[in-house]
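Visitor: First, the structure itself, so that you have it in front of you.
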Amino acid sequence: MERILPNLYRMEIPLPKNPLKALNSYVVTSPERNLVIDTGWNQKECMDAMRAGLKELEIDIKNTDFFITHLHTDHLGLVSNLVTESSTIYFNQPDADRIKSGIFLDDLMAFARLNGFPEEELQAVPHTHPGFKFRSKGQLDFHILKEGDTLHISDYVFRCVETPGHTKGHMCLYEPTKKILVAGDHILGDITPTITLWSEEGNPLKEYLESLDKVSRLDIEVVLPGHRDILGNPRGRIQELKDHHRKRLDEIVSILAEGKKNAFQVASRMTWDILYDSWDVFPVSQKWFAVGEAISHLKYLEEKGLVRREMAQQKIRYSLNT
Ligand SMILES: [Zn+2]
């Protein structure tokens, strides 16, 4: 438990056996209602850490509401075990729609197959992917917030800032007087937020780059990210994140210069900042993220007119548009 400012705390919720290591859950306390921002997976270690943190702050869960930055299970998963009859879960419409329409594993796996994911590795995905293992249980009632809406807690007035990219509905909270941004997974410090695409629709990388520009126009002194350390003025980090994706796009162009490839093959040739010697020994869950990331970049290049997509023998293949 770390006190950041008066009535504003950070709790570290462990994410065992995951490269992210932990989730930052932020708590804003007030005599009326408390607010917990992001929660952790729906599993025991997360629940234990959350309980211990709330106890330390002497928080009554009955007087507590929740704000969830985006639908990923490390942020949303545990909320179903924390809500009481009186609590409100603040959330965004696009991610709520995504949950409501159902995230069907079969659809994702069919799309992965089209993109060259090998069958035997694909069969391991449901058992290894935290998104499927630790999701929230039951149906959640959300109070939907949109751009410009505000949340008043203690002497904080948080303004909602829509930042699509990491997910379709990702939302940050900005406190203009205190110059704080609760960033979720939009801006992280020593790791790069994943930008993945698992369907025919959308161009999440384009949206993400636009959302970075949007946030860089805000006056921010402290960034409270969803994982790892708290950051200062984010403009330098935003530039690094943009450069990172620019480099990735260039790398993919040079990989495709050697000939047509599917997204799995492209991902296997890209540079990943991960502690494994070669692509072959990546855990399946990491390959899954890598391929999703390759697809979002290929889609960006395709919409820019630099890359062409074709279907051959039940596989989507990409080549340079020369
Ligand atoms: Zn996330």
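Visitor: Quick check, is Gly226 among the small types (Gly, Ala, Ser), within 21 Å of the chain's Cα centre (by Cα) and within 16 Å of the ligand (Cβ to nearest atom)?
Guide: The answer is yes for Gly226.
Visitor: When you go through (1) surrounded by fewer than 16 Cβ atoms within 10 Å (Cβ to Cβ); (2) away from the ligand (no atom under 16 Å from the Cβ); (3) modelled with pLDDT under 95 one by one for Phe132, which number turns out not to apply?
Guide: Tallying (1) surrounded by fewer than 16 Cβ atoms within 10 Å (Cβ to Cβ); (2) away from the ligand (no atom under 16 Å from the Cβ); (3) modelled with pLDDT under 95, Phe132 fails exactly one: (2).
Visitor: Turning to a different aspect of this structure: Identify all residues within segment 140-178 that are free of Cβ contacts under 8 Å to residues at least 24 places away in the same chain and open to solvent by 10 Å² or more (accessible area, probe 1.4 Å); write none if there are none.
Guide: Glu147, Gly148, Asp149, Thr150, His152, Val157, Arg159, Thr177, listed by residue number.
Visitor: In addition: In the list Ser254, Ser199, Ser211, which residue meets the criterion of being assigned to a helix (DSSP H, G or I), more than 26 Å from Arg10 (Cα to Cα) and of a type in the set (Ser, Thr, Tyr)?
Guide: Criteria check complete, one pass: Ser254.
Visitor: If the requirement is being open to solvent by 50 Å² or more (accessible area, probe 1.4 Å), away from the ligand (no atom under 15 Å from the Cβ), out of contact with any helix residue (DSSP H, G or I) (no Cβ under 9 Å at 6 or more places or on another chain) and closer than 26 Å to Leu114 by Cα, which of these qualifies: Glu201, Glu221, Glu240?
Guide: Glu201
Visitor: Take the residues of segment 95-124 that are in contact (Cβ under 8 Å) with a residue 60 or more places away in the chain and within 14 Å of the ligand (Cβ to nearest atom): which is nearest to Gly148 (Cα to Cα)?
Guide: In this case the residue turns out to be Asp95.
Visitor: Output the residues belonging to segment 66-85 that are more than 9 Å from the ligand (Cβ to nearest atom), crowded, with 24+ Cβ neighbours inside 10 Å and not in a helix (DSSP H, G or I).
Guide: Result: Phe66, Phe67, Ile68.
The values are calculated or read from the model by the stated rules, or taken from the named source; none is laboratory data. Note that the structure is predicted; figures quoted are calculated from it, not measured. Cβ atoms come from the backbone with ideal geometry, glycine included; neighbour counts cover every protein chain shown. Keep in mind that these areas ignore ligands, DNA and RNA; they rest on the heavy atoms of the full protein, side chains included. Shrake-Rupley method; radii C 1.70, N 1.55, O 1.52, S 1.80 Å.
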